[in-house]
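The values are calculated or read from the model by the stated rules, or taken from the named source; none is laboratory data. On a predicted model such as this, the values are computed, not experimentally measured, just so you know. Glycine gets a Cβ as well: all are built from the backbone with ideal geometry, and neighbour counts include every protein chain shown.
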Amino acid sequence: MGLLALLCADLCFAAGQQWMFVLGGVTLWGLHMGMTQGLLASMVASVAPEELRGTAYGFYNFALGLAMLLSSTVAGFMWQSFGPEAAFYASAIFCVLAIAMLCFEWLISHNKN
């Protein structure tokens with residue numbers, strides 16, 4: 001559901017610069033962050049051994065930082081080269097791909113039984 005909120009936020013931001021679209025995008029972006037960030041951190045805690053939990057959070061935040069640096073660099077390039085709409089549409093495409101991969105994984109894991 002968090003990825004759907006991000007997808008809708010990206011489409012709002014790409015749709016226009018009118019205050020309604022921006023306000024809708026910001027609201028949906030906040031909803032996405034609220035739905036996903038705590039969940040991801042709790043997943044780290046649930047799979048890491050207790051004695052390595054701090055290390056696991058360190059690696060998680062390191063990987064998250066690298067991913068954000070890479071994605072922000074690509075988005076900035078797209079923004080400069082093709083305009084802000086291109087960056088948000090690209091993000092929307094990545095959301096659709098992530099949702100498709102999650103659905104595919106769910107289908108595979110539920111068809112094993």
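Structure notes:
- Among the candidates Phe62, Phe21, Phe77, residue that is surrounded by 10 or more Cβ atoms within 10 Å (Cβ to Cβ) and at pLDDT below 95: Phe21
- The criterion of at least 1 residues that are within 16 Å of Cys95 (Cα to Cα), among the acidic types (Asp, Glu) and out of contact with any Asp or Glu (no Cβ under 8 Å at 6 or more places or on another chain) is met by the following helices (runs of 4 or more DSSP H) wholly inside segment 1-85: 2-15.
- Of everything in segment 70-92 that is more than 17 Å from the chain's Cα centre (by Cα) and touching a residue at least 40 places away in the same chain (Cβ under 8 Å), the residue that is farthest from Ala15 (Cα to Cα) is Pro84.
- Ser109 surrounded by fewer than 10 Cβ atoms within 10 Å (Cβ to Cβ), free of Cβ contacts under 8 Å to residues at least 24 places away in the same chain and either part of a helix (DSSP H, G or I) or touching a Pro at 6+ places or on another chain (Cβ under 6 Å) (or both): yes
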